[in-house]
1. Looking only at segment 564-615, count how many residues are buried (at least 23 other Cβ atoms within 10 Å of the Cβ) and under 30 Å from I468 (Cβ atoms).
2. Taking only pairs six or more apart or across chains, which ones have beta-carbon atoms under 7 Å, a first residue in segment 425-448 that is without any contact (Cβ under 8 Å) to a residue 60 or more places away in the chain and over 19 Å from L359 (Cα atoms), and a second residue that is open to solvent by 10 Å² or more (accessible area, probe 1.4 Å) and of a type in the set (D, E)?
3. Working only within segment 334-345, note down all residues that are open to solvent by 10 Å² or more (accessible area, probe 1.4 Å) and in a helix (DSSP H, G or I).
4. Mind checking which residues of segment 338-356 are closer than 22 Å to D437 by Cβ, in contact with a strand residue (DSSP E or B) (Cβ under 9 Å, 6 or more places away or on another chain) and not charged (D, E, K, R)?
5. Hey, among I290, I348, I317, I307, which residue is surrounded by 21 or more Cβ atoms within 10 Å (Cβ to Cβ), without any contact (Cβ under 8 Å) to a residue 60 or more places away in the chain and within 29 Å of P578 (Cα to Cα)?
6. For H220, work out the one condition from (1) open to solvent by 50 Å² or more (accessible area, probe 1.4 Å); (2) modelled with pLDDT of 95 or more it doesn't fulfil.
7. Which condition number does R261 fail, the rest of (1) part of a strand (DSSP E or B); (2) open to solvent by 10 Å² or more (accessible area, probe 1.4 Å) being met?
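The values are calculated or read from the model by the stated rules, or taken from the named source; none is laboratory data. Everything quoted here is computed from the prediction, not taken from an experiment. Every residue, glycine as well, gets a Cβ built from its backbone with ideal geometry; the counts of neighbours run over all protein chains shown. These area figures cover heavy atoms from the full protein model, side chains too; ligands, DNA and RNA do not enter into them. Shrake-Rupley method; radii C 1.70, N 1.55, O 1.52, S 1.80 Å.
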Amino acid sequence: MSDAIKHECGLAFLRLRKSFAHYQQKYGSVLWGLNKMYLLMEKQHNRGQDGAGVATVKLNVEPGYPFLSRIRSNESQPIADIFKKIGEEFNDLQKYNNDIGQYPGLLKGHLSFLGELLLGHLRYGTQGRNSVEFCHPFIKRHTIPARNLALAGNFNLVNTDELFEQIGMEPGKFQKQSDLAAMMEVIHHHLVKADEANPQHLDIVSVLKTALPLFDGGFHVGGLIGNGMGFVFRDAHGIRPSYYFIDDDIVVAASERAAIRTAFNVGENEVQELMPGQALIVFEDGSVKIEQVVAAKERKACSFERIYFSRGSDEKIYRERSQLGYNLSKQVLDAVNYDLKNTIFSFIPNTAEVAFYGLTKGCEDYLNKIKLERILSWGNSVDPEKLEEMIKRRVRMEKIAIKDVKMRTFITEDVNRNEMVQHVYDITYGTVRRGEDTLVVIDDSIVRGTTLRESIIRMLSRLDPKRIIVVSSAPQIRYPDCYGIDMSKMGDFVAFNAAVDLLKERGNECLLQTLYEQCRELHAKNELHTVNVVKQIYKSFTNDEITQKIAELITPKGLPIPVDVIYQTIESLHAACPSNLGDWYFTGNYPTPGGNRVVNKAFMNYMEGRNERGY
């Protein structure tokens with residue numbers, strides 16, 4: 001994605017089902033579980049680089065001794081920082097007890113994070129500040145083990161104010177800024193009530209069945225309880241991804257299938273998907289139960305997971321991204337008038353590489369079909385040189401752009417700052433025939449269009465192509481996200497700005513004020529969640545009209561080279577990613593009522609000139 005947006009978070013849950021002596025004997029190290037947690041987190045580091053955290057719970061600890069530990073970091077390399085500190089504690093123990101690693105029981109008593117339950121988290125700051133206090137896991141401590149709770153998740157909620165009201169709590173400044181704080185208070189509230197009702201047998205299933213229906217949002221959450229229970233649950237629409245693997249030694253869950261496969265060297269079919277509305281629960285004795293804690297609703301798994309967010313090392317995601325590119329090949333061929341001889345294909349940024357392979361494969365399939373038809377038309381009169389020339393024809397592919405080290409500028413003047421931004425990418429000179437070649441570059445998606453206009457298009461124009469075509473493997477992003485992706489302000493979307501410009505050009509700008517008044521009326525009646533008012537803005541125009549206007553908006557002023565844009569269609573997106581049909585940021589069809597409230601609030605903020613998120 002050329003426009004940098006913060007997004008997602010990564011979750012890793014691990015329950016060791018055997019004694020530490022077992023892992024020492026079988027795998028050669030009593031620290032095997034901690035090493036696996038490190039690997040699970042490192043293989044999901046793409047999901048969060050603002051901070052990280054780890055919490056552990058120890059089983060069967062004598063009263064008075066600590067059983068719940070947590071460490072968090074917001075350093076530049078937070079995962080490494082956390083496990084370096086854990087390792088330093090182990091190394092300090094070894095200085096005075098060289099063979100302490102051979103005594104698992106003794107080591108467990110001295111090493112803070114040697115617990116049977118482990119919960120790891122990687123954070124992108126989509127909500128709240130980036131101080132370490134906002135890093136997950138959050139914890140609630142109590143003298144009674146069953147009332148201790150550690151919680152972490154990949155999610156956003158859009159009804160935090162209502163949650164505090166439901167449990168009769170007046171949130172402090174910190175709680176107001178964190179949806180995890182709201183979720184923590186609700187779950188802990190019902191956890192305490194359940195423990196009071198039955199202190200000997202905590203009914204965690206009942207706790208989750210009571211709490212989860214209260215949450216409006218998309219979520220994948222893991223939790224540890226001080227009595228030795230652990231759980232992972234997923235929202236009813238399956239918006240956020242969740243996978244797990246169970247064998248005799250472990251129960252593991254994570255935000256990405258590939259992370260589990262890599263960490264434990266298991267096959268694709270061995271890693272299961274936690275289905276919408278389900279919870280994976282591990283009891284004190286290590287037994288496991290999959291429970292439907294909230295009724296599953298229409299599946300709306302986030303399509304951006306497949307387009308961009310999740311790592312492409314998962315074979316299904318790899319195939320889907322390739323298919324996204326392949327599906328665009330017909331539109332691109334039409335746009336270049338099937339003139340592959342004078343067209344060069346490339347990609348920006350590197351995350352668009354797999355879609356690029358699919359796009360060029362689609363063009364190669366067309367070219368191979370033409371080559372076959374031409375050769376067959378020659379009949380028996382085949383000229384060897386002509387045949388060799390035909391066989392050697394290829395789709396032209398080049399590594400046009402290279403992302404340089406992160407550029408920083410301390411210059412405040414807009415002209416100078418924009419000039420510096422142009423150099424975020426560098427170009428490969430000599431790859432384009434000046435004035436002859438059309439340059440086709442594919443991007444994952446186009447959000448703001450700022451990087452395209454201020455950096456990429458200017459940079460590509462130095463090669464002096466005949467024409468530049470920007471291809472997006474995602475459809476037009478028209479609406480905010482409120483389920484974990486930092487796309488929350490209407491004015492940030494180039495598609496929205498294109499629609500507004502079209503309204504102004506056609507003398508229909510009054511529609512904006514009409515819709516704003518409608519939003520205000522809905523807000524006054526507490527009905528802002530009932531309808532997506534912003535849809536009316538786009539109904540006035542075709543996709544092609546908005547696409548053409550977007551091309552104008554991302555073209556630097558005075559650029560003599562024509563710039564065009566091609567977008568994926570909603571239909572072809574769904575065909576490529578049939579299991580992830582969540583498309584509210586493209587269509588405005590939000591899976592929960594809170595989504596409508598967020599988009600309408602974001603529109604009201606835009607009309608009032610307020611630069612703040614809609615939730």
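1. Residues meeting the conditions: 7.
2. D426/D404; T428/E398; R434/D464; G435/D464
3. Within segment 334-345, D334, A335, K341, N342 meet the criteria.
4. Within segment 338-356, the first condition is being closer than 22 Å to D437 by Cβ, and the residues that meet it are 338-349, 352-353, 355-356.
Pick out the ones that are also in contact with a strand residue (DSSP E or B) (Cβ under 9 Å, 6 or more places away or on another chain) and you get 339-349, 352-353, 355-356.
Of everything in segment 338-356, those that are closer than 22 Å to D437 by Cβ, in contact with a strand residue (DSSP E or B) (Cβ under 9 Å, 6 or more places away or on another chain) and not charged (D, E, K, R) turn out to be L340, N342, T343, I344, F345, S346, F347, I348, P349, A352, A355, F356.
5. Values: I290 fails: surrounded by 21 or more Cβ atoms within 10 Å (Cβ to Cβ); I348 fails: without any contact (Cβ under 8 Å) to a residue 60 or more places away in the chain; I307 fails: without any contact (Cβ under 8 Å) to a residue 60 or more places away in the chain.
Only one candidate passes the filter, namely I317.
6. Checking H220 against (1) open to solvent by 50 Å² or more (accessible area, probe 1.4 Å); (2) modelled with pLDDT of 95 or more, the one that fails is (1).
7. (1)
Matching residues to (1) at positive phi; (2) open to solvent by 10 Å² or more (accessible area, probe 1.4 Å); (3) hydroxyl-bearing (S, T, Y); (4) modelled with pLDDT under 95:
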position: I411; (1), (2), (3), (4): no, yes, no, yes
position: R417; (1), (2), (3), (4): no, yes, no, yes
position: V424; (1), (2), (3), (4): no, yes, no, yes
position: T451; (1), (2), (3), (4): no, yes, yes, yes
position: R458; (1), (2), (3), (4): no, yes, no, yes
position: I468; (1), (2), (3), (4): no, no, no, no
position: V471; (1), (2), (3), (4): no, no, no, no
position: E505; (1), (2), (3), (4): no, yes, no, no
